[in-house]
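J.: Got a structure here, written out as structure tokens. Questions coming.
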Amino acid sequence: MSNDPADTPVSTSPAPLRICIAGAGAIGGTLAVRLSAAGHQVSVLARGQTLQAIREGGLTLHDLHGTAHARPAADDQPSFGIQDVIFLCAKSQDMSALLPQIAPLVGSQTMVIPTNNGVPWWYFHREGGRFDGETVKAVDPDGALSRAVPLAQLIGSVLFITAEVESPGVIRSVNPHLMVLGEPSGEMSERLLRVRAAVEAAGIEARATDRIRDKLWTKIIANISTNPLSVITQGTLEQLYGLPELREVVSQIMRETLLVASSYGARVDIDPLTFLQLGEAMGAFRTSMLQDLERGRPLELAAIGDAVLEMADRFAIPMPITSAIVSLARFRGEAARRQREHKEQKEQREQQTQQTQPAARAA
Ligand SMILES: NC(=O)C1=CN([C@@H]2O[C@H](COP(=O)(O)OP(=O)(O)OC[C@H]3O[C@@H](n4cnc5c(N)ncnc54)[C@H](OP(=O)(O)O)[C@@H]3O)[C@@H](O)[C@H]2O)C=CC1
Ligand SMILES: CC(C)(CO)C(=O)C(=O)O
């Protein structure tokens, strides 16, 4: 927890908001259920099996509050009208497809809140340092994300939440929820306090800060030190932070990243030992990157790994351990993706054979 007075919750009574959740996986599903239960007009932009499941049975969340259920409006088209708030809850590599899709939902007062782990594409927007206004190439190579939504409408968020999709539309989250929100400019604006109050009233501890990048770095350190390593070792948080042989690698990545964070003026109020203890206490959770590996899905290595290495490069800070672990995780992720592709192709071929066999026998 931060001692920063700006992090202190401010009590503002929340009026119901029109809230769209874009991407209804682990985080999107958690937010959609909690915000619906708090009386907001929630809609969900979803696709495929998830959309079908939400249309048929709504969303179910098992968390420390118990089990809650919601039936938000759901569509794969942005058919919900102008929103007060849009939470972007797809993986960062899916943002370039998602952002143009939400355009019809964005009015001049809409707050757009990305929830991604890693370095966000808006990092240098109103950052005030020597790289102010630049783009983060690893996540926004051609500046398309920066152009897709007016940067002035973005609010930064950092999610200290662990959640997993059990099956489409069913989410399990086993730790307390905390969301830190902040304007990229650091302003403690009225809209920031309004959205913070809405999230807090939905049973998610919510804090507003005038130094959102400090919190980003805290979470970046957690992600870069565990997510790629979890892909290589298949270790849970408890194992990564607790087993001496893994804890040492985690600590080295933490040290390398802390140096980068401080070069950008971030005040990361964590003591490494406490960080390791808190991480271990999060239990047998498999990081979101390990979950993606197991499903043969793309890994969020650009935002969580490459972008940090890019930030380090700007100050010529070496990150030898981090960069090796990120490369190994990429190799492992590619192998899993190829394996999944082969499996799908084999299943397709078998299906085709089964379909053609009766016809061949009849001939
Ligand atoms: N899970 C966690 O504990 C935490 C995750 N985060 C961050 O939150 C973000 C979301 O992660 P998480 O919820 O775990 O991810 P999930 O993969 O569980 O969910 C992402 C969802 O977005 C959907 N999606 C992607 N693109 C579109 C699109 N164009 N239209 C409609 N739906 C779309 C995906 O659909 P489909 O399944 O079809 O691809 C999927 O349902 C990530 O950046 C992650 O790093 C942050 C803190 C903790
Ligand atoms: C593991 C955790 C909770 C923090 O490192 C996370 O953010 C993730 O799974 O992506």
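J.: Just report the Cα centroid separation between segment 299-324 and segment 130-157, whole Å.
T.: 18
J.: Run the quick spin-label model on ASP76 and GLN153: label points 7 Å from Cα toward the beta carbon, then report their separation in nm to one decimal.
T.: Output for this residue pair reads 2.4 nm.
J.: Put a dot 7 Å past each Cα toward the Cβ at ARG55 and ARG297; how far apart are the dots in nm?
T.: So the label points at ARG297 and ARG55 sit 2.1 nm apart.
J.: Still on this model: So what is the relative contact order of segment 116-165, in percent, for Cα pairs below 8 Å that sit 6 or more residues apart?
T.: Relative contact order here is 31 percent.
J.: Can you bin the chain into rounded, prolate or oblate? Criterion: square roots of the alpha carbon gyration tensor eigenvalues sorted a ≥ b ≥ c, rounded for a/c under 1.5, prolate for a/b above b/c, oblate for the rest.
T.: Oblate, because a/c is 1.5 or more while a/b does not exceed b/c.
J.: In whole Å, what is the distance between the alpha-carbon centres of segment 215-258 and segment 40-77?
T.: Their Cα centres are 32 Å away from one another.
J.: Please give me the summed charge of the neighbours of ALA15: other residues whose Cβ is under 12 Å from its Cβ, Lys and Arg +1, Asp and Glu -1.
T.: +1
J.: Quick one: go through segment 134-162 and flag any residue whose amide nitrogen is under 18 Å from the point 7 Å out along the Cα-to-Cβ line of ALA37.
T.: 160-162
J.: Please calculate how many Å² of accessible area segment 296-357 carries per residue, with a 1.4 Å probe and no DNA, RNA or ligand atoms counted.
T.: 63
J.: Can you tally the net charge around GLY296? Count Lys and Arg as +1, Asp and Glu as -1, for every other residue whose Cβ sits under 11 Å from the Cβ of GLY296.
T.: Net charge around GLY296: +1.
J.: Probe radius 1.4 Å, ligands and nucleic acids left out: which of LEU278, LEU192, LEU246 has the largest accessible area, and how do the rest follow?
T.: Highest to lowest solvent-accessible surface, that is LEU278, LEU246, LEU192.
J.: So, one more: Would you mind checking which residues have amide H under 5 Å from SER43's amide H? H placed 1.01 Å from N; only 5 or more apart, or other chain.
T.: ILE19, CYS20, ILE21
J.: How high is the relative contact order of the chain, in percent, with contacts defined as C-alpha pairs under 8 Å that are six or more residues apart?
T.: It rounds to 16 percent for the chain.
J.: How high is the relative contact order of segment 70-113, given as a whole-number percent (alpha carbon pairs under 8 Å, six or more residues apart)?
T.: 56
J.: Rounding to the nearest 20 debye, state how big the charge dipole of segment 276-363 is about its Cα centre with +1 on each Lys and Arg Cβ and -1 on each Asp and Glu Cβ.
T.: 440
J.: Between ARG338 and GLU245, what FRET efficiency comes out of the Förster formula 1/(1 + (r/R0)^6) with R0 = 22 Å and r the beta carbon distance, rounded to 0.05?
T.: Between GLU245 and ARG338 the formula returns 0.15.
J.: Let me know the number of lysine pairs in the chain closer than 27 Å at the Cα, not counting same-chain pairs under 8 apart.
T.: 6
J.: Another one. With +1 on each Lys and Arg Cβ and -1 on each Asp and Glu Cβ, and nothing else charged, work out how big the dipole of the chain is about its Cα centre, in Debye to the nearest 20.
T.: 760
J.: What FRET efficiency comes out for the pair GLN345/SER167, r = Cβ-Cβ distance, R0 = 25 Å, nearest 0.05?
T.: 0.55
J.: With the other protein chains left in place, how much accessible area per residue, in square angstrom, belongs to segment 174-237 at a 1.4 angstrom probe?
T.: Dividing the accessible area of segment 174-237 by its residue count gives 26 Å².
J.: On the protein heavy atoms, probe 1.4 angstrom, tell me the percent of accessible surface of the chain carried by carbon and sulfur.
T.: C and S fraction of accessible area: 52 percent.
J.: In segment 117-261, if every C-alpha pair distance is counted and binned at 5 Å from zero, what percent goes to each bin?
T.: 2, 9, 14, 17, 19, 17, 13, 7, 2, 0
J.: Just to confirm, what accessible area per residue do you get for segment 67-167 at 1.4 Å probe, in whole Å²?
T.: The answer is 41 Å² per residue.
J.: Give me the distance in nm between label points sitting 7 Å out from Cα along the Cα-to-Cβ direction at ASP132 and HIS62, one decimal.
T.: The modelled label-to-label distance comes out at 5.0 nm.
J.: For every other residue with a beta carbon closer than 12 angstrom to the beta carbon of GLY242, add +1 if it is Lys or Arg and -1 if Asp or Glu, then tell me the sum.
T.: That works out to -3.
The values are calculated or read from the model by the stated rules, or taken from the named source; none is laboratory data. All of these numbers come straight from a predicted model, not from anything done at the bench. Note: ideal-geometry Cβ built from the backbone for every residue, glycine included; neighbour counts use all protein chains shown. When the accessible area is computed, the model is the full protein with side chains, heavy atoms only, and any ligands, DNA or RNA have been set aside. Shrake-Rupley method; radii C 1.70, N 1.55, O 1.52, S 1.80 Å.
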